[in-house]
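For reference, the structure is listed below as structure tokens.
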Amino acid sequence: MMKVKRLAIVWFAICCSFGYAQQPNVIVVLADDIGTGDISYYRKMHSNNIIVETPTLDKLSKEGIVFTDAHSPAALCAPTRYAIMTGNHCYRSYAPWGVWGCYQPSPIERDQLTLGKLMKQAGYRTSFFGKWGFGMDFGRKDNPDVVYSSPRKEHETDVDISKVIDRGPVQNGFDYSYMYPAGIQAEPYAVYENGVMEPLKEDSEIILITKAYGKNLGFKLDKKEGLGDSNWNPFNASELLVDKAVKFIERNAKTKEPFFMYYCSQAVHKPHTPSKSLNGTKIAGTTPSNHLDMVKELDVQMEMLIQTLKAQGVYDNTLIIFTSDNGGLQVKPTIQFGHKSSNIYRGGKNQAYEGGTRVPFIAWWPGKIKGKQISDTPVLGIDVMATLAAVTSQKLGENQAMDSSNLLPIMLGKKNVEPHDFLITQSGTSKRVMITDDGWKLIIQVDKKDKTDATRTPFALFNLNNNVSENENQNLINKPKYQAKVKALFEKYNKTRDSKVKTRSEIY
């Protein structure tokens, strides 16, 4: 810790020369399944056909900087959430394709830096809200002090869901947390304050949440049946979450310590269960689909956070970063009304195409980040870690946040900054990885183990320069004139992946 503090002093001096040494409050928002086409500011860059407006996010976009070539680390949520939390590529996890049960071991090693730990060591009051989205430790029902080992089967009732015993937000640097362990789509169907299950009502008890239970309330379980609160109702999830976040801001806005909030919204993941109204705005039934109701609800959540910052007098001293865990959903009723969650890009969530990982990335900081900036610099969600290290005058350790690059110079208007020599991302269930270098994108098929280059095969090559939406429909993998390009990209991916070399740029 003393070494970190010494480095922070040196880093503070470096940052003073750039004029951003003052510590602002920081809010990082990670939306769930939001594509660039879901944010009307992004959509208007390509089309006048706007089905749902997002006025709050549009205002942040206009008053800050918008990245148009930003990517989630993966096209699915769990691996992305590990990567953003630690600043490491997904493949550095023991489960590079994701930890898909909250009763599974956490992919975050005990000595790894997290966003919570980073901000806490900079003197921030840290908080986590919403969907955790990867494993943690619960106890056994017959012995709550022993970690439950999940067989990943239907009806896991041998687990004590009353509290998180380890590896949750509290143990990863967050002073306060209000958490849905798996969002609203999977067990346990309950909410946790500082790691302890918070009864939703006075008569709450732990029961098995079944498909019939959901049907009775008017929603369909997105995942399997499992334990939860007897008063579980995902239609109320948004209000519960944002109200707690508002109260956190109110409690901490005027204290001596700056605050950090990592707000992982439940919107817009299935089940699509919009609030009837939120912050005085009608939500449910006001758009062409439940899915788009949730897009609207997300923007209202942002509105509530902004209004609270203003009311507490800290609006002008707060940095907000907004992005998503993967690309947009392809929902039939939504598509039928002409809304394109992936905007101009091919595919969507879970896929290796641009629509799977191309996400909104917006940064807003009054007086520091000038408005009306649009950057086409390729960036990753992983870059949040190094950016916040720069904001808080810290330097990352040699073996921490290995793939996170500092975006603050770009946000402050510096030109010709390249945070990454190339991008590495991955798909979802198709088990494909992608490397994009100078506009050329190679998709590589891997097997389930994905241990060495011998298990990988080039699958598709696209030239994304000039016309992304058209060019990603033209697979050049078998064209003789592009074989050297395929070979070079394939070798670059394999060498980077297998050597585990650090990929971050040391940009100050």
Self-check item: Residues that are among the hydrophobic types (A, V, I, L, M, F, W, C) and either at pLDDT below 95 or open to solvent by less than 10 Å² (accessible area, probe 1.4 Å) (or both), drawn from the stretch 275-299
Solution: LEU278, ILE283, LEU292, MET294, VAL295, LEU298
Exercise. Just name the residue that is surrounded by the most Cβ atoms within 10 Å (Cβ to Cβ) out of those in the stretch 208-229 that are of a type in the set (A, V, I, L, M, F, W, C) and not in a loop (DSSP other than H, G, I, E, B).
Key: LEU227
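Among the candidates ALA386, ALA390, ALA460, ALA454, which residue alone is modelled with pLDDT under 95, at negative phi and not in a loop (DSSP other than H, G, I, E, B)? Lay out the reasoning, then the answer.
Values: ALA386 fails: modelled with pLDDT under 95; ALA390 fails: modelled with pLDDT under 95; ALA460 fails: modelled with pLDDT under 95.
Step by step, each of ALA386, ALA390, ALA460, ALA454 is checked, and only ALA454 is modelled with pLDDT under 95, at negative phi and not in a loop (DSSP other than H, G, I, E, B).
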Quiz prompt | Residues that are in contact with a helix residue (DSSP H, G or I) (Cβ under 7 Å, 6 or more places away or on another chain) and farther than 30 Å from PRO409 by Cβ, drawn from the stretch 475-508 | solution = LEU476, ILE477, ASN494, ASP498
Quiz item: Given (1) under 19 Å from CYS264 (Cβ atoms); (2) small (Gly, Ala, Ser); (3) in contact with a Ser or Thr (Cβ under 7 Å, 6 or more places away or on another chain), where does SER204 come up short, assuming only one miss?
Solution: (1)
Quiz item: Which one of VAL331, VAL391 is without any contact (Cβ under 8 Å) to a residue 60 or more places away in the chain and hydrophobic (A, V, I, L, M, F, W, C)?
Solution: VAL331
Quiz prompt | Which numbered condition ILE108 misses (of (1) open to solvent by less than 10 Å² (accessible area, probe 1.4 Å); (2) more than 30 Å from GLY168 (Cβ to Cβ); (3) in a loop (DSSP other than H, G, I, E, B)) | solution = (2)
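One line per residue, one yes/no per condition, for (1) buried (at least 23 other Cβ atoms within 10 Å of the Cβ); (2) at negative phi; (3) modelled with pLDDT under 95; (4) not in a loop (DSSP other than H, G, I, E, B):
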{"residue": "ALA401", "(1), (2), (3), (4)": "yes, no, no, no"}
{"residue": "ASN406", "(1), (2), (3), (4)": "yes, yes, no, no"}
{"residue": "PRO409", "(1), (2), (3), (4)": "no, yes, no, yes"}
{"residue": "HIS420", "(1), (2), (3), (4)": "no, yes, no, no"}
{"residue": "ILE424", "(1), (2), (3), (4)": "yes, yes, no, yes"}
{"residue": "GLY428", "(1), (2), (3), (4)": "no, yes, no, no"}
Quiz item: Across the stretch 481-508, what is the total count of residues that are farther than 23 Å from GLY381 by Cβ, open to solvent by 60 Å² or more (accessible area, probe 1.4 Å) and in contact (Cβ under 8 Å) with a residue 24 or more places away in the chain?
Solution: 2
Quiz item: How many residues, within the stretch 344-368, are part of a loop (DSSP other than H, G, I, E, B) and open to solvent by 10 Å² or more (accessible area, probe 1.4 Å)?
Solution: 11
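Between MET385, MET434, which is surrounded by 23 or more Cβ atoms within 10 Å (Cβ to Cβ) and closer than 21 Å to THR36 by Cα?
On the way: MET385 fails: closer than 21 Å to THR36 by Cα.
Selected residue: MET434, the only one of MET385, MET434 that is surrounded by 23 or more Cβ atoms within 10 Å (Cβ to Cβ) and closer than 21 Å to THR36 by Cα.
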Practice problem: Determine, yes or no, whether ASP160 is open to solvent by 40 Å² or more (accessible area, probe 1.4 Å), at pLDDT 95 or above and either part of a loop (DSSP other than H, G, I, E, B) or in contact with a strand residue (DSSP E or B) (Cβ under 8 Å, 6 or more places away or on another chain) (or both). | Solution: no
Practice problem: Search the stretch 51-73 for residues that are open to solvent by 20 Å² or more (accessible area, probe 1.4 Å) and pair each with any residue that is among the charged types (D, E, K, R) and modelled with pLDDT of 95 or more when their beta-carbon atoms are under 7 Å apart and the residues are at least 6 apart or on different chains. | Solution: PRO55/ASP299; THR56/ASP299; THR56/GLU303; LYS62/LYS372; THR68/ASP376; ASP69/ASP376
Self-check item: Hits in the stretch 242-271 (condition: surrounded by fewer than 21 Cβ atoms within 10 Å (Cβ to Cβ) and more than 22 Å from the chain's Cα centre (by Cα))
Solution: LYS247, GLU250, ARG251, ALA253, LYS254, THR255, LYS256, GLU257
Practice problem: Would you confirm whether any residue within the stretch 267-282 is within 21 Å of SER127 (Cβ to Cβ), in a helix (DSSP H, G or I) and aliphatic (A, V, I, L, M)? | Solution: no
Self-check item: Hits in the stretch 243-257 - residues which are without any contact (Cβ under 8 Å) to a residue 24 or more places away in the chain, farther than 15 Å from ASN279 by Cβ and in a helix (DSSP H, G or I)
Solution: ARG251
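Of all residues in the stretch 116-140 being assigned to a loop (DSSP other than H, G, I, E, B) and under 17 Å from the mean Cα position of the chain (by Cα), which is nearest to PRO105 (Cα to Cα)? Talk me through it step by step, then tell me what you get.
Within the stretch 116-140, the first condition is being assigned to a loop (DSSP other than H, G, I, E, B), and the residues that meet it are 121-124, 132-136.
So of that shortlist, the ones also under 17 Å from the mean Cα position of the chain (by Cα) come out as 132-135.
Numbers: TRP132: 13, GLY133: 12, PHE134: 8, GLY135: 5 Å.
Checked the stretch 116-140; the qualifying residue nearest to PRO105 (Cα to Cα) is GLY135.
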Quiz item: Pairs, please: C-beta under 6 Å, at least 6 apart or cross-chain, first residue closer than 13 Å to GLN400 by Cβ and polar (S, T, N, Q) and in the stretch 107-123, second at pLDDT 95 or above and outside any helix (DSSP H, G or I)?
Solution: THR114/GLY173
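What's the total number of residues in the stretch 442-459 that are open to solvent by less than 40 Å² (accessible area, probe 1.4 Å) and in contact (Cβ under 8 Å) with a residue 40 or more places away in the chain? Outline the logic, then answer.
Initially, the stretch 442-459 is screened for residues open to solvent by less than 40 Å² (accessible area, probe 1.4 Å), giving 442-444, 446, 450, 455-456.
Okay, now just the ones that are also in contact (Cβ under 8 Å) with a residue 40 or more places away in the chain, so 442-444, 450.
Of the residues in the stretch 442-459, 4 are open to solvent by less than 40 Å² (accessible area, probe 1.4 Å) and in contact (Cβ under 8 Å) with a residue 40 or more places away in the chain.
Please work out if GLU202 is in a loop (DSSP other than H, G, I, E, B) and open to solvent by less than 20 Å² (accessible area, probe 1.4 Å). Write out each step before concluding.
Working: in a loop (DSSP other than H, G, I, E, B): yes; open to solvent by less than 20 Å² (accessible area, probe 1.4 Å): no.
So GLU202 does not fit the description; no.
Provide a single number: the residues in the stretch 297-340 that are within 30 Å of GLY428 (Cα to Cα) and in a helix (DSSP H, G or I). Even if it seems obvious, please write down each step before you answer.
To start, the set of residues in the stretch 297-340 that are within 30 Å of GLY428 (Cα to Cα) comprises 297-302, 320-340.
From what is left, the residues that are in a helix (DSSP H, G or I) are 297-302, 332-336.
Summing the residues that are within 30 Å of GLY428 (Cα to Cα) and in a helix (DSSP H, G or I) in the stretch 297-340 gives 11.
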Exercise. For ASN478, indicate whether it is open to solvent by 60 Å² or more (accessible area, probe 1.4 Å) and within 17 Å of ALA352 (Cβ to Cβ).
Key: no
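The values are calculated or read from the model by the stated rules, or taken from the named source; none is laboratory data. Since the structure is predicted, the reported quantities are computational estimates derived from the model, not experimental observations. Glycine gets a Cβ as well: all are built from the backbone with ideal geometry, and neighbour counts include every protein chain shown. Areas reflect the complete protein model, heavy atoms only, side chains present, ligands, DNA and RNA absent. Shrake-Rupley method; radii C 1.70, N 1.55, O 1.52, S 1.80 Å.
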